[in-house]
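Inspection log for the structure reproduced underneath, given as structure tokens.
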Amino acid sequence: MSEKEKRTVDVAAAQMLDKAQEIGFLTTFDRAKAQEPRCTFGNTGICCRICIQGPCRILPKKPGGNKGICGAADYTIVARNTVRYIAGGASAHSDHGRHIAETLLHVAEGKLKDYQVTDPDKLMRVAKKIGVETEGRSVDDITKDVANAALDEFGRMHEQDLTWITSNCIDSRLAVLHNTTIMPTNINLSIAQLLHQTHVGNDADPVNIIFGGLKTALCDYDGMALATDLSDILFGTGVPVVTEANLGAIKADKVNIAVHGHNPLLSQMVVKAAREMNDEAKAAGASGINIVGICCTGNEVLTREGVAIATNFATQELAILTGAMDAMVVDVQCIMPSLRSLAECYHTKIVTTMPIMKIPGSYHLAFDEHHAIDSAKEIIRLAIDAYKNRDAAKVSIPDVKSTVVAGFTLESLLNIFKKVNPDNPIRVLIDAIEAGEIKGVALFAGCNNLKGPHDYNHLTVAQELAKNDVFMVATGCAAQCFGKEGLLNGEGVQKYAGEGLKKLFARLNEKAGLTTELPLVFHMGSCVDNSRAQELVTLMAKEMGLDNAEVPYVATAPEAMSEKAIAIGSWNVALGNPVHVGVVPPIVGSTLVNDIVTKIAEDVFGGFFFWETDPVKAAGKMVEILEERNWKNRIRAKARQAKEAQ
């Protein structure tokens, strides 16, 4: 691997990193390198900062230093640190969901003129799923009940299992959650209790702490699931779209606006308003307005509107380095504070919009949901004004982009399967597994992490799984990597898929009725849309007559980075899914805790974590897991047949 490839496998990103070096700007790649060597105590999770007597670090061979000042052992410290990551991730996803639920309620109450129920069919499906009466009732009344049911998840004061968990899980998995006492009843309460549980002088039992973390991780899943459902109701459930990805999606002749962050409430309005304002851009000398996406806000508008992806998390700065980005509009999560200092080298306006996310020196235009289109137009006019000050001599857009076929919500995926099997669409996947064409399903999730080359782990694991006939779905920055590198189109199938996987795609393409071939990896949306993938597992489990822990399904976060990724991985484990993480997390400082999450978890939940930084070895282990589950299922099926024959 060359020195450039050690930074990133993205050709466009490599070009922009060279440009950053030319102008003397230190990117996140430079800052990551400057952090080396990293603190061993922090890297392994045995540094405790929960109280201000410390920080305490564990020195196993030093008398007195082998525990914290309060007497906390390595396993207590590692467990506390780990579950506090989960609390942070659950807070982010659930707050996102709460914001969507409040907006939906205000729509039903007639308080927001710029939003509406775009997908009433999804509304009816969700209402039925969670037990809201629909017969003879108005859309507004049903919407109010659905929105209130979602808001109840955050603060109900009586014992009741979280609705989106109970409505999305099979009975055998719900029994596991109850038997292990990790079924949550209140999102806010679970997060608060976990922070209390891990306060200095509280719980020191690592198993009990981990179980508290899993309970909160399930709240993360619940908040994600309701956010996905309600966003589909508000903005529409995505259908297959064709667009493009990488920095080449930025257009030199247009006003370029990047939407970046995670909340579709803003980005949807920016896309809508931009379509009404092309004449204003032309009056400023541009040929129109070009919206591109970064991170999960980008995935939201890609799924529903076909907006092109510029790049993913680690390379967000590089969109500004093109010199053609007139405004970057950000909401919440995964936004680098460094964007503002880089924008000073260009004409780019960084616009923050949410009360909990501001960057010193940036423009802050508070997004007003009561005047959403007007707020979006104000932001776009700022970008148009910035375009007038663009320095053409600084514009350098890499001529690098790939065709992307995306918009694969669970509904749109099942609609394609329905073309092959109208009566039972999910059987298409299961039949392919039972026939030995494919080994199972893998979910790619997560971020970028510059402890390794940018996008390399995502890409390599996917290529290895493809040649081993694994059906793949993806969300978040992993999905954006695949878009940039040509795996979200039909050429990826021909280039990387094994013969069995190609046979499945041939059947699907013959029946799908699309204007283009299906992609090697199915883009299912943003981070919160990992809930779509879990619904897919649940459908497979129901049809196969299995528990989740027996379904040939694995999840992988090849470049996990954020607290959200830790929360997502944890609820996957609780719901019975094996989870690969391509970055060794700060947990290995305690052999006990590491064994709990990588070994004992499998005995209790069926799901478990495993760490593997080598992407080829990781893919090999994932294939082994799928093959083992298939082997066990064949043995069970033979045993059932023998019993029935008696």
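Worth pointing out:
- Residue within the stretch 396-412 that is in contact with a Lys or Arg (Cβ under 6 Å, 6 or more places away or on another chain), surrounded by fewer than 24 Cβ atoms within 10 Å (Cβ to Cβ) and charged (D, E, K, R) present: no
- Those residues of the stretch 335-346 which are over 26 Å from the mean Cα position of the chain (by Cα) and either surrounded by 21 or more Cβ atoms within 10 Å (Cβ to Cβ) or closer than 25 Å to Glu102 by Cβ (or both), in sequence order: Leu342, Ala343, Tyr346
- Filter result for Ala286 (aliphatic (A, V, I, L, M), outside the structural domain of Ala150 (by TED's automatic domain parsing), out of contact with any Gly (no Cβ under 8 Å at 6 or more places or on another chain) and not in a helix (DSSP H, G or I)): yes
- When each of Val270, Val242, Val255 is tested for being surrounded by fewer than 24 Cβ atoms within 10 Å (Cβ to Cβ) and touching a residue at least 60 places away in the same chain (Cβ under 8 Å), the lone residue that passes is Val242.
- Hey, Gly155 surrounded by fewer than 16 Cβ atoms within 10 Å (Cβ to Cβ) and farther than 26 Å from Ala90 by Cα or not: no
- Identity of the residue in the stretch 233-269, assigned to a helix (DSSP H, G or I) and in contact with a Pro (Cβ under 9 Å, 6 or more places away or on another chain), that ends up nearest to Arg340 (Cα to Cα): Leu247
- Residue within the stretch 27-35 that is under 22 Å from Leu342 (Cβ atoms) and part of a loop (DSSP other than H, G, I, E, B) present: yes
- Selection status of Glu627, over 17 Å from Gly582 (Cα atoms), at pLDDT 95 or above and surrounded by fewer than 21 Cβ atoms within 10 Å (Cβ to Cβ): yes
- Filtering Ile320, Ile335, Ile309, Ile291 for residues that are among the β-branched types (Val, Ile, Thr), within 23 Å of Gly89 (Cα to Cα), at pLDDT 95 or above and not assigned by TED's automatic domain parsing to the domain that holds Gly476 leaves a single hit, Ile335.
- Set side by side, the residues Arg31, Arg38, Arg7 differ, and just one is surrounded by fewer than 16 Cβ atoms within 10 Å (Cβ to Cβ) and at pLDDT below 95, which is Arg38.
- Filtering Ile291, Ile350 for residues that are touching a strand residue (DSSP E or B) at 6+ places or on another chain (Cβ under 6 Å) and farther than 16 Å from Ala245 by Cα leaves a single hit, Ile350.
- The set of residues from the stretch 122-134 being in contact (Cβ under 8 Å) with a residue 12 or more places away in the chain and loosely packed, with under 14 Cβ neighbours inside 10 Å comprises Gly131, Glu133.
- Inter-residue pairs, beta-carbon under 8 Å, first in contact (Cβ under 8 Å) with a residue 24 or more places away in the chain and in the stretch 221-232, second outside any helix (DSSP H, G or I), 6+ apart: Tyr221/Leu575; Asp222/Leu162; Asp222/Pro184; Ala225/Asn168; Thr228/Gly525; Asp232/Asp119; Asp232/Gly238; Asp232/Thr409
- Checked against the criterion of being surrounded by 15 or more Cβ atoms within 10 Å (Cβ to Cβ), of a type in the set (Val, Ile, Thr) and not in a helix (DSSP H, G or I), the candidates Ile373, Ile350 yield just one match: Ile350.
- Selection from the stretch 304-316 of residues that are of a type in the set (D, E, K, R) and surrounded by fewer than 24 Cβ atoms within 10 Å (Cβ to Cβ): Glu305
- Answer residue from the stretch 550-568, given it is in contact with a Pro (Cβ under 9 Å, 6 or more places away or on another chain) and among the small types (Gly, Ala, Ser) and is nearest to Gln333 (Cα to Cα) among those: Ala560
- Options Arg156, Arg137; residue that is charged (D, E, K, R) and either on the phi > 0 side of the Ramachandran plot or at pLDDT below 95 (or both): Arg156
- Some residue of the stretch 587-603 being touching a Ser or Thr at 6+ places or on another chain (Cβ under 7 Å), not β-branched (Val, Ile, Thr) and not assigned by TED's automatic domain parsing to the domain that holds Asp95: yes
- Selection count where residues are hydrophobic (A, V, I, L, M, F, W, C), in a loop (DSSP other than H, G, I, E, B) and in contact with a strand residue (DSSP E or B) (Cβ under 9 Å, 6 or more places away or on another chain), scope the stretch 51-79: 4
- Spans of helices (runs of 4 or more DSSP H) in the stretch 386-471 with at least 3 residues in the same structural domain as Arg507 (by TED's automatic domain parsing) and over 22 Å from Gly500 (Cβ atoms): 410-420, 456-467
- Lys282 being touching a helix residue (DSSP H, G or I) at 6+ places or on another chain (Cβ under 8 Å), surrounded by fewer than 24 Cβ atoms within 10 Å (Cβ to Cβ) and at negative phi: no
- Residues that are of a type in the set (A, V, I, L, M, F, W, C) and within 24 Å of Leu162 (Cα to Cα) were ranked within the stretch 568-594; the one that is surrounded by the most Cβ atoms within 10 Å (Cβ to Cβ) is Ile568.
- Helices (runs of 4 or more DSSP H) wholly inside the stretch 519-614 containing at least 2 residues that are polar (S, T, N, Q): 530-544, 563-574, 591-595
- Checking Asp74 against (1) in contact with a Ser or Thr (Cβ under 9 Å, 6 or more places away or on another chain); (2) of a type outside the set (Lys, Arg); (3) surrounded by fewer than 22 Cβ atoms within 10 Å (Cβ to Cβ), the condition it does not meet: (3)
- Any hit, the stretch 135-146, residues being more than 23 Å from the chain's Cα centre (by Cα), surrounded by 15 or more Cβ atoms within 10 Å (Cβ to Cβ) and closer than 23 Å to Val537 by Cα: no
- Taking the criterion of being more than 16 Å from Thr352 (Cβ to Cβ), small (Gly, Ala, Ser) and part of a strand (DSSP E or B), the residues of the stretch 306-332 that qualify are Ala308, Ala310.
- Some residue of the stretch 381-397 being under 25 Å from Ala101 (Cβ atoms) and touching a Ser or Thr at 6+ places or on another chain (Cβ under 7 Å): no
- The requirement of being surrounded by 19 or more Cβ atoms within 10 Å (Cβ to Cβ), in a loop (DSSP other than H, G, I, E, B) and in contact (Cβ under 8 Å) with a residue 60 or more places away in the chain is fulfilled nowhere in the stretch 491-508; no residue meets it.
- Residues of the stretch 475-490 satisfying the condition of being within 20 Å of Ala533 (Cβ to Cβ) and part of a helix (DSSP H, G or I): Gly476, Cys477, Ala478, Ala479, Gln480, Cys481, Phe482, Gly483
The values are calculated or read from the model by the stated rules, or taken from the named source; none is laboratory data. Model, not experiment: these values are computed from the prediction. Here Cβ is always computed from backbone atoms with ideal geometry, including for glycine, and neighbour counts include all displayed protein chains.
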